[in-house]
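Undergrad: Have a look at this one.
The values are calculated or read from the model by the stated rules, or taken from the named source; none is laboratory data. Just so we're clear, the structure is a prediction, and the values are computed from it rather than from any experiment. Note: ideal-geometry Cβ built from the backbone for every residue, glycine included; neighbour counts use all protein chains shown. Calculation scope for accessible area: heavy atoms of the full protein, side chains included, ligands and nucleic acids excluded. Shrake-Rupley method; radii C 1.70, N 1.55, O 1.52, S 1.80 Å.
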Amino acid sequence: MVNPFSSIVEPPAVEDLIEISFRRAFSKGKSLKRRRDKISAIRDREIGRIQSVADTISLKLENFVKSFPNIDEIDPFYRELLDVLAGTDEIKHSLGAVFWASTTIKKISRFYYSSMRRESDPDRMAELRREFLGRAVSVLRRVRKEIDFLRNSIPKLRDLPDFDINSPVVIIAGMPNTGKSTLISKLTTKKPEIAPYPFTTKGLIIGHGETSVGRVQFVDTPGLLDRPLSERNKMELQAIAALRHLRGPVIYMMDPTETCGYSLDSQLSLLRELMESLPKPYLVALNKCDIEDGKFPEAERRLEGMKIRALRISAERGDGLGDLINELERILREHEGSIPSLGRAP
């Protein structure tokens, strides 16, 4: 699925839009000298200036609003991310304000067209034109806050990664230094790409791998899924909610050797919290089995009590990866019809 926000047209800043529209308006009219009389030429010139300013502003604002996807029709995953990054209500309000500014300036311009056509005094014509420009500028500045908000939000939305709507997404989770990045590099066919992801400190890591059930997208979200709920802010919690819409299970990486710097208890605690906040099929990979010291039997016993399938692996050496992939494929086949997918309304 292509990021629905990738082709949004960013609106100019208010003062830039005023400058652009005025410059275009006052660079025109030089070709309007040949008229049957001087008054008609002046009238045409002033009407042309009003029309140019109104058209320039309205067109740029309309093009922006039209380029924004219908929020109610986009995939739930991206709709959640929109709410995380900017706030759905705030975006809708700001888009409405921009559309109001566009239509209001058009309406005002029509009033001044009509007034100008009935006027024969050049000084009064210039006064009417100045009145229109003042009112148009006033309308634009009334929505400056909304336009600035949209300008700040759009780069974040455009940077969101694309996802393949037809391929399952396997989320790689776990505490830092448990081997998530190493695993994703071993399971994918090429070097994973780093996609901007505003809820994390390092970005979203996406890799693609081929399995017996087809193409799979592996996603590692460093800084998002690797700390307790109590330490997460509202944005992170909403981002986890968005991840529910991705079609596929979670591979939870654990390090029973505790060389990652986190105790077995804290790793299991995070797993329990993730299972509550991100209800999906879970498969636990007990990493670093090439290191003799560790609490592997204890981890397996406690995970068995949680009714979670666990496999010993060494992401670095590749030990146990075949069994891990086989189990992952079994989960994908078993849950294929029950896991929400992109493109499907909740």
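Undergrad: Could you tell me which residue of the range 101-156 is least open to solvent (accessible area, probe 1.4 Å), considering only residues that are in contact with an Asp or Glu (Cβ under 8 Å, 6 or more places away or on another chain) and of a type in the set (Lys, Arg)?
TA: My answer is Arg129.
Undergrad: Kindly provide the set of residues from the range 157-180 that are in contact with a strand residue (DSSP E or B) (Cβ under 6 Å, 6 or more places away or on another chain) and not in a loop (DSSP other than H, G, I, E, B), ordered by number.
TA: Answer for the range 157-180, where residues must be in contact with a strand residue (DSSP E or B) (Cβ under 6 Å, 6 or more places away or on another chain) and not in a loop (DSSP other than H, G, I, E, B): Val169, Val170, Ile171, Ile172, Ala173, Gly174, Lys180.
Undergrad: List pairs: first in the range 131-155 and without any contact (Cβ under 8 Å) to a residue 12 or more places away in the chain, second of a type in the set (Asp, Glu), Cβ under 7 Å, 6+ apart or cross-chain?
TA: Hits for this filter: zero, empty list.
Per-residue answers, yes or no, for (1) under 18 Å from Glu15 (Cα atoms); (2) among the hydrophobic types (A, V, I, L, M, F, W, C); (3) open to solvent by 60 Å² or more (accessible area, probe 1.4 Å):
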| residue | (1), (2), (3) |
| --- | --- |
| Lys60 | yes, no, yes |
| Glu80 | no, no, no |
| His93 | no, no, yes |
| Val98 | yes, yes, no |
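Undergrad: Kindly establish whether Glu231 is farther than 19 Å from Ile331 by Cα, among the charged types (D, E, K, R) and at pLDDT below 75.
TA: Numbers: farther than 19 Å from Ile331 by Cα: yes; among the charged types (D, E, K, R): yes; at pLDDT below 75: no.
Judged against the criteria, Glu231 is not a match.
Undergrad: Pairs please, first residue from the range 206-223 and over 17 Å from Leu243 (Cα atoms), second anywhere and at pLDDT 80 or above and open to solvent by less than 10 Å² (accessible area, probe 1.4 Å), Cβ atoms under 7 Å, 6+ apart in sequence or on different chains.
TA: Listed pairs, sorted by first residue: His208/Gln217; Gly209/Val216; Gly209/Phe218.
Undergrad: May I pose another question? Those residues that are small (Gly, Ala, Ser) and open to solvent by 50 Å² or more (accessible area, probe 1.4 Å), I need them from the range 176-190; list them, please.
TA: Taking the range 176-190 first, the residues small (Gly, Ala, Ser) are 179, 181, 185.
Correct list: Ser181, Ser185.
Undergrad: Please verify whether Ile313 is closer than 26 Å to Ser167 by Cβ, hydrophobic (A, V, I, L, M, F, W, C) and touching a Gly at 6+ places or on another chain (Cβ under 8 Å), treating the condition exactly as stated.
TA: Considered against the rule, which asks whether it is closer than 26 Å to Ser167 by Cβ, hydrophobic (A, V, I, L, M, F, W, C) and touching a Gly at 6+ places or on another chain (Cβ under 8 Å), Ile313 comes out as yes.
Undergrad: May I ask you to list the residues in the range 151-209 that are of a type in the set (Lys, Arg), closer than 23 Å to Ala86 by Cβ and modelled with pLDDT of 85 or more?
TA: Of everything in the range 151-209, those that are of a type in the set (Lys, Arg), closer than 23 Å to Ala86 by Cβ and modelled with pLDDT of 85 or more turn out to be Arg151, Lys156, Arg158.
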